[in-house]
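Where a number appears in this text, it was derived from the coordinates with a stated rule and is not lab data. Computed from a predicted structure; not experimentally measured. Every residue, glycine among them, receives a Cβ derived from its backbone with ideal geometry; neighbour counts consider all protein chains shown.
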Amino acid sequence: MTVSTPAKYDVEAVRAKFPILGVTVHNKPLVYLDNANTTQKPESVIEAISNFYRTTNSNIHRASHLLGEQATNQYEAARKRVQRFLNAREWEEIVFVRNATEGVNLIANTYGRQYIREGDEIILTEMEHHANIVPWQLLCERTGAVIKVLPVTDDGELDLTNLYNYFTPRTKLLGIVHMSNVLGTVNPVEQIIATAHEHGVPVLVDAAQSAYHMPIDVQAMDCDFLVFSGHKLYGPTGIGVLYTRRALLEEMEPWQGGGDMIESVSFARTIYNQVPYKFEAGTPHIAGAIGLGAAVDFIQTLGMENLRAYENELLQHGLAVLTNVKGLRLIGSASNRASVLSFTLDGVHPHDIGTFLDFDGIAIRTGQHCAHPLMQRLKVPATARASLGCYNTSQELDALAESLTKIRETFVS
């Protein structure tokens with residue numbers, strides 16, 4: 001898909017908002033290409049967190065003093081920012097969790113525990129992150145349910161040829177990654193969700209990678225559950241989001257018990273709080289939610305469509321320059337992909353690639369990227385992965401290609 005880059009996207013102005021981009025690594029300017037792992041944080045997010053601790057720090061939903069009221073208002077305002085960001089129908093459909101992983105585990109331990117029984121089926125895909133595999137394996141071990149796996153083609157796309165045949169009367173849930181953290185493949189989730197719903201099967205979407213690259217509209221997507229992590233969205237670590245249709249949240253039992261998730265408690269009976277608070281036991285990561293709200297504001301000031309267009313241009317440049325590196329093999333060639341470049345280099349182990357790039361100030365990720373089944377399918381023990389964000393430049397990708405050429409010459413000569 002070709003997307004033109006708007007002239008109004010000023011990457012140098014964007015870079016100026018990120019303090020860490022001014023640091024040096026091994027006396028070299030930092031080239032940060034590990035965004036699929038975690039993104040860097042703009043000054044506005046750092047300031048939002050700092051200001052909370054400096055001026056407003058208090059617990060929420062329970063204090064009768066001004067600081068408590070202010071903290072509660074900021075926390076709930078962040079929830080409404082996320083609601084608008086995802087175009088959820090109601091703010092009550094937004095549950096704050098620690099990360100996308102906790103969001104999946106929450107669904108497995110609430111919806112899964114209530115509705116999935118021995119012999120029932122869960123459909124996953126070969127390109128899932130471990131966070132959308134292991135929670136379902138644990139559930140299957142407890143219940144006797146089974147997992148069915150949609151395959152991946154040699155090009156790194158889902159093979160949907162026999163999608164209808166995967167559904168049976170015992171199918172209770174489908175979990176799918178929106179964008180692969182290894183391949184950058186953007187899956188046709190709307191089509192898959194529509195097919196699942198024809199069979200009465202709810203769908204969980206892992207949007208950990210896609211949420212900071214492309215617009216997400218949960219109503220248009222028509223998903224039942226969706227998760228993402230704040231730290232990949234230019235926000236802080238330790239905060240994430242679970243979107244769930246309100247009707248499902250009302251049906252689901254709480255996963256964790258404690259303060260704030262209750263309306264009243266006695267030794268005879270506990271009455272749970274309304275949604276979403278029923279799923280937010282204990283003191284939450286208040287500063288994290290406020291920081292996430294600031295990150296959402298930051299993304300929206302850039303304009304998601306502007307950002308997507310710019311990153312697509314970067315991706316095409318990266319594909320071109322890496323293709324010219326002798327001995328380099330790009331992994332995956334999906335027709336619809338976003339800002340991930342996974343590769344191997346003949347004669348050089350990916351871990352060595354990462355180490356030597358670091359000496360040039362270039363940060364990437366190496367290994368199996370929490371996607372062992374996909375690596376087994378692709379028959380590669382590990383890859384090096386460069387992943388792009390809003391502040392990366394074509395010059396940084398040129399520097400990556402130049403450094404990789406030097407590395408191969410060093411190892412192969």
- Message: In the chain, once you exclude exposed trypsin sites (Lys or Arg not before Pro) (DSSP loop, at most 15 other Cβ within 10 angstrom), what's the longest stretch remaining?
- Response: 171-268
- Tell me the chymotrypsin sites (Phe, Trp or Tyr not before Pro) within the stretch 201-285 that lie in a loop according to DSSP and have at most 16 other beta-carbon atoms within 10 Å. Phe267
- Dipole size in debye (nearest 20) for the chain around its Cα centre, Lys and Arg Cβ +1, Asp and Glu Cβ -1? 480
- Message: What is the angle, in °, between the Cα long axis of helix 66-86 and the longest principal axis of the Cα atoms in the chain? Nearest 10 is fine, range 0 to 90.
- Response: 60
- Kirkwood estimate for the stretch 249-313, i.e. one over the average of 1/r between Cα atoms, Å: 14.7
- Could you state the number of Å between the C-alpha centres of the stretch 83-110 and the stretch 392-413? 40
- Note on the structure: Relative contact order in percent for the chain (Cα pairs under 8 Å, 6+ apart) equals 24
- Item | Sum of side-chain charges, Gly293 neighbourhood, beta-carbon under 12 Å (Lys, Arg +1; Asp, Glu -1) | +2
- Query: Whats the longest run of the chain with zero GluC sites (Glu not before Pro) that are DSSP loop and have at most 16 other Cβ atoms within 10 Å?
  - Reply: 119-413
- At what distance in angstrom do the alpha carbon centres of the stretch 184-202 and the stretch 259-328 lie from each other? 22
- Cross-link pairs Lys17/Lys41; Lys17/Lys232; Lys148/Lys172; Lys148/Lys232; Lys41/Lys232 - those with Cα-Cα distance over 20 Å: Lys148/Lys232
- Residue-span extension gain [Thr301 to Thr270] - 0.36 nm each, minus C-alpha spacing: 6.8 nm
- Note on the structure: The whole-number value in µm²/s of the Stokes-Einstein translational diffusion coefficient for the chain, with Rh from the Kirkwood sum over alpha carbon pairs at 4 °C and 1.567 mPa s, is 58
- Query: Once every DSSP H run of n ≥ 4 in the chain is given -39500 (n - 2.57) and the sum is divided by its residues, what mean residue ellipticity at 222 nm do you get, rounded to the nearest 500 deg cm²/dmol?
  - Reply: -11000 deg cm²/dmol
- FRET E, pair Tyr115, Val23, Förster distance 45 Å, beta-carbon r, rounded to 0.05: 0.35
